[in-house]
1. Looking at Ala109, Ala97 in this structure, which one is under 25 Å from Val203 (Cβ atoms) and among the small types (Gly, Ala, Ser)?
2. Check every one of the strands (runs of 3 or more DSSP E) wholly within region 1-81 and list those with 2 or more residues that are more than 20 Å from the chain's Cα centre (by Cα).
3. Which count do you get for residues in region 27-60 that are surrounded by fewer than 20 Cβ atoms within 10 Å (Cβ to Cβ), at positive phi and modelled with pLDDT of 85 or more?
4. Looking at (1) of a type in the set (A, V, I, L, M); (2) exposed (fewer than 12 other Cβ atoms within 10 Å of the Cβ); (3) at pLDDT below 75, which is the one condition that is false for Ile77?
5. Would you pick out the residues in region 140-158 that are over 27 Å from Ala109 (Cα atoms) and surrounded by 10 or more Cβ atoms within 10 Å (Cβ to Cβ)?
6. Sort out which residues of region 159-178 are modelled with pLDDT under 90 and crowded, with 16+ Cβ neighbours inside 10 Å, and write them in order of number.
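The values are calculated or read from the model by the stated rules, or taken from the named source; none is laboratory data. In this text, all values refer to a predicted model and were calculated from it rather than measured experimentally. With ideal geometry, Cβ positions are generated from the backbone for all residues, glycine too; neighbour counts draw on all protein chains shown.
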Amino acid sequence: MILPDVRILSAEELAQLEKITARGGKILLTGESGAYGRERQRLEVNPLHQLLGLNGAAATGAIHLPECPGKGGLALIRKEGFASISTTGAPLQRLLADFQQQLSALGYAPAIRLEISPLVVAQIARVDGRPHLFMANFNGLEGGRNANQTPVRAARVVLPAAAGSRVHFLPFLGQVQILPEEPVNGMISCTLPEFQRGAILWVE
């Protein structure tokens, strides 16, 4: 579980987090998660840090990042400009790579891995019991200057699939395509066709 700068946690929420860790669950928290009480007062002792063993003791199954990577990414975009980040993506990619290393340190491995521009927003959801990947492209957009996205090219997805299932791809206002698959360590890998505004991918 990831707690991105969740500053106020109730006793009930802390109890649920304790159950998660007791079952072997891992927690990554950022910023000032757990540092404030219900009246928004700063607490002398952070109960979340105490629960996870982050107050001097050796923590097991938890990592605390004092600087929130999400806030860092937004600050980088504001500093470098959306167009600059969109063109190279290198600084933001480094930030994402560092964050992924922190997740790996907790033993986390995603069931679905998407290798794509950092300016593509993706959400995973089950629709009729099947995993769907919804993607929205923000590459190239500039407020007041450019409302047309730069097309996404050479993106790749790695995901589990049952025998006989096929990977379907639907670009915004386009036609459904069946993608070629390549086996990778018990999973399947697909290269996505070029798309501009957004796309949906699913397995059935």
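1. Details: Ala97 fails: under 25 Å from Val203 (Cβ atoms).
Result: Ala109 is the single residue among Ala109, Ala97 that is under 25 Å from Val203 (Cβ atoms) and among the small types (Gly, Ala, Ser).
2. Values: elements: 2-4, 27-30, 62-65.
No strands (runs of 3 or more DSSP E) qualify here.
3. Summing the residues that are surrounded by fewer than 20 Cβ atoms within 10 Å (Cβ to Cβ), at positive phi and modelled with pLDDT of 85 or more in region 27-60 gives 2.
4. Condition (2) is where Ile77 drops out.
5. Here is the first cut: in region 140-158, the ones over 27 Å from Ala109 (Cα atoms) are 140-151.
Scanning region 140-158 gives Gly140, Leu141, Glu142, Asn146, Asn148, Gln149, Thr150, Pro151.
6. Of everything in region 159-178, those that are modelled with pLDDT under 90 and crowded, with 16+ Cβ neighbours inside 10 Å turn out to be Leu159, Ala161, Val167.
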